[in-house]
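The values are calculated or read from the model by the stated rules, or taken from the named source; none is laboratory data. What you are looking at is a predicted structure, and each value in this text was computed from that prediction instead of being measured. Every residue, glycine as well, gets a Cβ built from its backbone with ideal geometry; the counts of neighbours run over all protein chains shown. The protein model used for the area step is the full one, side chains on, heavy atoms only, and it has no ligands, DNA or RNA in it. Shrake-Rupley method; radii C 1.70, N 1.55, O 1.52, S 1.80 Å.
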Amino acid sequence: MNIPAQYLSSNPTYKAALKASSAIERHFAHQLSEAFLRGEKNLAPEPGKQSIEAIIDTAFWASLRKEEGHSPKISLAFLPPDKTSQPLIFEFPLALTADILIKLAPAVERPGIHLGVWEQEGELYIWGTTQIIPGFCFVLEVVEPGLLVVKHRRVDGFGKFVNVAVLQGDNVKIVDEQSISLPDCPAIVNSLLGFSDTSSWNTAVNLHVQLAVSMRAHGRGGTLLVVPSAHDRWRDSIIQPISYPVFPAFNRLSVLMSRHVSEQNLVTWQEELNDEIASVAGLTAVDGATIINDNHELLAFGAKITRSPGRESVKQIMITEPIIDSPARIIPPSSNGGTRHFSAAQFVFDQRDAFALVASQDGRFTIFSWSPCDQIVLAHRVDTLLI
């Protein structure tokens with residue numbers, strides 16, 4: 001494909017693109033190398049530093065403009081047309097410029113549609129659109145004006161994409177891949193970080209990830225408590241009677257997760273699971289906590305958390321965020337948000353074999369779990385991983 005001179009990319013002027021590109025390049029190089037050693041097939045091409053800078057730069061300036069009063073929402077995938085299936089290919093390549101992204105945005109703003117970007121002789125161009133991309137494909141999503149997320153598709157192809165970096169104006173957050181090595185890091189955080197041993201679509205961990213994404217999406221805030229099915233001591237931390245108990249326990253999620261899924265019926269199964277996830281996550285918008293057990297059965301919603309008899313009030317929590325140069329901090333729970341966050345911390349302090357997912361109306365998302373190593377409630381800030 002010959003690229004006319006007017007399609008040549010310009011030098012990046014968005015400073016955050018220059019700041020983030022090296023770390024992003026290293027992430028993809030490392031993940032693709034590891035995937036190759038594991039014998040993974042159908043992997044995406046590795047993006048280079050200059051390509052990363054140019055794509056981020058162009059998307060950022062496009063995000064600050066409007067077309068007919070609408071800000072663009074665009075997803076750019078770095079891959080050639082022959083690395084996907086059933087692509088829509090333009091007869092002539094288009095320049096990767098802010099002007100063209102603004103013009104194309106209305107056609108590709110729906111979830112799952114990516115503009116395909118590739119390079120020839122060191123220059124980038126837009127070749128068309130695709131809905132199917134390979135594992136570890138570099139994707140840049142324009143979320144809102146000035147807010148960009150670099151992410152990649154999971155190898156298994158199901159579930160939320162794995163976030164690599166979030167850029168908002170001059171603020172750059174690079175996901176710390178070493179967070180998995182922290183003591184007592186919950187499996188759900190590891191899954192959000194995209195590690196293959198916990199990210200498979202048919203695991204309980206990935207179900208919790210999808211619930212977190214759906215909780216954050218409804219924008220009303222909410223709490224989801226995940227309790228053991230082996231006992232009901234969690235009831236000691238809930239004010240009785242519960243506003244909306246469920247009996248018998250609603251097991252639709254459990255049935256779907258235990259179903260044998262073949263390639264032939266995978267799409268149907270995913271659609272059914274997504275519907276049930278949205279239904280359960282929607283209950284968290286009701287005042288009070290929604291409660292499920294580790295068998296994915298819905299037990300109650302609208303539940304009010306209280307301190308268990310004989311337990312003291314939680315005095316300290318440890319805040320962690322899987323972002324480079326973001327060390328853990330020990331703070332009073334009252335410094336970590338309002339009543340919703342404090343009650344979740346108290347619940348985990350009392351019920352140490354449970355964990356809590358807490359969404360704020362402003363998009364902040366925290367996972368509370370107990371650390372046997374440090375004997376403290378951990379508050380994992382993961383909103384950067386959920387955008």
Exercise. Using a basic spin-label model with each label point 7 Å from the Cα along Cα→Cβ, how many nm lie between N11 and E121?
Worked result: 2.1
Exercise. For A328 and L88 in the same chain, what is the full-extension length gain: residue separation times 0.36 nm, less their Cα-Cα distance, in nm?
Worked result: 81.8 nm
Problem set entry | Average accessible area per residue (Å²) across the stretch 254-387 - probe 1.4 Å, nucleic acids and ligands excluded | 44
Exercise. Per residue, how much accessible area does the stretch 15-174 show when a 1.4 Å probe rolls over the protein heavy atoms, in square angstrom?
Worked result: 45
For this session: Pick out, in residue order, every one of the GluC sites (Glu not before Pro) in the stretch 224-289 that is DSSP loop and has at most 12 other C-beta atoms within 10 Å; say none if there are none.
Result: E263
Exercise. What value does the stretch 15-174 have for Rg/Rh, both radii from Cα atoms and Rh as Kirkwood defines it?
Worked result: 0.94
Problem set entry | Label corresponding to Cα Rg over 2.2 N^0.38 Å when calculated from the structure given, among (1) 0.92; (2) 1.05; (3) 1.19 | (2)
Problem set entry | 14 Å cut-off, amide nitrogen to a point 7 angstrom out along D236 Cα→Cβ, residues in the stretch 286-300 | none
Exercise. In the structure shown, do any of K15/K49; K49/K160; K83/K151; K83/K173; K173/K315; K73/K151 have a Cα-Cα gap over 22 Å, and if so which?
Worked result: K49/K160; K83/K173; K173/K315
For this session: Quick one: angle between helix 98-108 and the longest Cα principal axis of the chain, in degrees between 0 and 90, rounded to 10, please.
Result: 60
Seminar exercise, completed: Subtracting the Cα-Cα distance of T339 and R252 from 0.36 nm times their residue separation yields 28.3 nm
Exercise. Going by average Cβ neighbours within 10 Å, how do the peptides 103-112, 296-305, 230-239 rank, with the highest at the top?
Worked result: 296-305, 230-239, 103-112
Problem set entry | Label-point separation, K49 to R311 (7 Å along Cα→Cβ), nm | 5.0
Exercise. With each pseudo-label sitting 7 Å past Cα toward Cβ, what's the H30-C373 distance in nm, one decimal?
Worked result: 1.7
Exercise. Once the Cα atoms of the stretch 187-385 are picked out, what are the Rg and Dmax in Å?
Worked result: 16.4, 54
Seminar exercise, completed: In whole percent, the fraction of accessible protein surface over the chain that belongs to carbon or sulfur atoms, probe radius 1.4 Å, stands at 50
Seminar exercise, completed: Mean projected area (nm²) from the convex hull of Cα positions in the stretch 208-247 is 4.0
